[in-house]
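Notes follow the structure.
The values are calculated or read from the model by the stated rules, or taken from the named source; none is laboratory data. Quick caveat, the model's predicted, so the values are computed rather than measured. Here the Cβ is made from the backbone with ideal geometry for all residues, glycine too, and neighbour counts use every protein chain on show.
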Amino acid sequence: MRLTTRTNLAMRVLMACGVNEGEKLRTADIAARCNASVHHLLQVVNVLQDHGFVETQRGRTG
């Protein structure tokens with residue numbers, strides 16, 4: 001079974017959130033760890049937020 005790039009990134013985001021439970025993570029930091037573009041990761045995080053998997057906060061501390 002092949003995973004799409006977006007599915008792969010979504011799994012990585014969820015794993016990062018699970019490992020760092022209770023902490024705020026920056027999208028740019030996760031993108032750097034995953035070797036992905038910030039813009040692409042933002043799209044994935046937006047879908048995860050729409051479905052209730054993650055909570056997001058916009059801005060400098062989000």
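Structure above, values below:
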{"quantity": "Condition met for residue 55 (modelled with pLDDT under 90, out of contact with any His (no Cβ under 7 Å at 6 or more places or on another chain) and outside any helix (DSSP H, G or I))", "calculated": "no"}
{"quantity": "Per-region count, the stretch 17-40, residues under 18 Å from residue 57 (Cβ atoms) and either of a type in the set (Ser, Thr, Tyr) or touching a strand residue (DSSP E or B) at 6+ places or on another chain (Cβ under 8 Å) (or both)", "calculated": "1"}
{"quantity": "Scope the stretch 3-22; condition surrounded by 10 or more Cβ atoms within 10 Å (Cβ to Cβ) and of a type in the set (Val, Ile, Thr); matching residues", "calculated": "5, 7, 13"}
{"quantity": "Members of the stretch 32-45 that are small (Gly, Ala, Ser) and either closer than 17 Å to residue 4 by Cβ or loosely packed, with under 12 Cβ neighbours inside 10 Å (or both)", "calculated": "36, 37"}
{"quantity": "Restricting the stretch 26-62 to residues that are of a type in the set (Asp, Glu) and touching a helix residue (DSSP H, G or I) at 6+ places or on another chain (Cβ under 9 Å), the residue that is farthest from residue 12 (Cα to Cα)", "calculated": "55"}
{"quantity": "Residue 25 being without any contact (Cβ under 8 Å) to a residue 60 or more places away in the chain, surrounded by 14 or more Cβ atoms within 10 Å (Cβ to Cβ) and part of a loop (DSSP other than H, G, I, E, B)", "calculated": "yes"}
{"quantity": "Only one of 36, 31 that is within 11 Å of the chain's Cα centre (by Cα) and part of a loop (DSSP other than H, G, I, E, B)", "calculated": "36"}
